Amino acid sequence: MPVQTRSQTKANHKLLSLLPAEFQCGRENNEHCRELEQIYQEHPFLHHLGDTFKEMYLTVHCTASQPITLLHSQWKLMSLHDVIQHYTTKTKQNPQCQNIDFAFLYDGMGFYVVCSYCIQTNSFYYRHDGGGNAYDVEFNFNFSTHCVPSENQSFELAQWIQDVHQDKEIHMLNVVYA
């Protein structure tokens, strides 16, 4: 098992501090630990998100289908079930899809800002999604299956955690639009 660096431990602590108290169930439940390990074995792409997310999903027990609103923020953390479903749907459309969506922020009129992890660039980025009509939804979905963020659109996990802590408004985020 790899040793965590101080920055990874700090990121774990900051990410876990975003979770509402009622969802912080701890790691006492061995059954949940086994369930999470099985999910990660069945869906190896989840390992790309890193140990920080695995620890969070282990702590929060959010393998169910409901997203979790993060503290002091409008961001919603997707359930592990939804993360898997989104990725599976996108890879059916484009088997080369490299993006794992894990959190979203409502932008109004059916639009969302999604925080995604790009496997190809090993970084996170914000992307516009959804839409006010079927055309917008399909257009943004197709874009999400092919999007590879540029270096100036990408950032580390610590930046997303900071943006959530500060509850940055959408116009202050570096969002990738189709």
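Quick notes on this one:
- Taking the range 41-153 as the region of interest, the helices (runs of 4 or more DSSP H) fully inside it that hold 2 or more residues being modelled with pLDDT of 95 or more and among the aromatic types (Phe, Trp, Tyr) are 134-146.
- Complete set of residues in the range 132-154 that are hydrophobic (A, V, I, L, M, F, W, C), within 14 Å of ASN99 (Cα to Cα) and out of contact with any Asp or Glu (no Cβ under 8 Å at 6 or more places or on another chain): PHE143, CYS147, VAL148
- Of residues in the range 143-152 being out of contact with any Ser or Thr (no Cβ under 9 Å at 6 or more places or on another chain) and surrounded by 14 or more Cβ atoms within 10 Å (Cβ to Cβ), the one farthest from TYR117 (Cα to Cα): PHE143
- Residues considered: ASN122, ASN140, ASN99. Of these, the only one that is surrounded by 15 or more Cβ atoms within 10 Å (Cβ to Cβ) and closer than 24 Å to HIS43 by Cα is ASN99.
- From the options GLU156, GLU169, residue that is of a type outside the set (A, V, I, L, M), surrounded by fewer than 14 Cβ atoms within 10 Å (Cβ to Cβ) and under 15 Å from HIS48 (Cα atoms): GLU156
- Those residues of the range 74-116 which are among the hydroxyl-bearing types (Ser, Thr, Tyr) and either closer than 20 Å to GLU55 by Cα or touching a strand residue (DSSP E or B) at 6+ places or on another chain (Cβ under 7 Å) (or both), in sequence order: SER79, TYR87, TYR106, TYR112, SER116
The values are calculated or read from the model by the stated rules, or taken from the named source; none is laboratory data. Predicted, not measured: the structure shown is a model, and the values here were computed from it. Quick reminder, even Gly has a Cβ in these numbers, built from the backbone with ideal geometry, and neighbours come from all protein chains shown.
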